[in-house]
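The structure under discussion appears below in the form of structure tokens.
Any read-out appearing in this document is the output of simple, stated calculations on the displayed coordinates, not a laboratory observation. Computed from a prediction, not measured in an experiment: that's the story for all the values here. Glycine also receives a Cβ, built like all others from the backbone with ideal geometry; neighbour counts cover every protein chain displayed.
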Amino acid sequence: MSATLTLLHDGRSDEIPVADLARPTIPAEALDETLGWDLQPEGLCRGTVCVPVDQSALVRDDGLDLGVLAGALQRPLVTDAKHAVAALGASHHERGEALASLEAPDFTLPDLDGALHSLSDQRGKKVLLVAYASW
């Protein structure tokens, strides 16, 4: 392996050794500890759930093709070889469940005086969020 890729996924980040930043792979032995999936003859498995996958496309000499893996799990993948980072998004099923709940994810931000405020502190109240960007 010649480089290290930062993989952002599921609210965390992992450093993964890769041979090619343009077409990154995950070492097969790190698949479970990195993403929680195991490669079995029937496909990618997590607990009692298995997702069929074309293993001839997934398995490469240097590991498991991250793009094929993302496609099999129906998760969007964005890679930036220049900055050695990749982001694996949530599946459409997970995003759909979050939208169906009609509950915004919690976050905490400081006000102009530095005091921290969390969205969860406002539950049950009407809240107006204003976002601004200078670009």
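Count of the stretch 1-32 residues, restricted to those that are more than 12 Å from Ala81 (Cα to Cα) and part of a loop (DSSP other than H, G, I, E, B), is 5.
If you go through the stretch 61-96 and keep only what is over 16 Å from the mean Cα position of the chain (by Cα) and either among the β-branched types (Val, Ile, Thr) or surrounded by fewer than 16 Cβ atoms within 10 Å (Cβ to Cβ) (or both), you end up with Asp61, Ala81, Lys82, His83.
Highlighted here are the strands (runs of 3 or more DSSP E) found entirely within the stretch 61-135 that include at least 3 residues which are touching a residue at least 24 places away in the same chain (Cβ under 8 Å): 63-65, 85-88.
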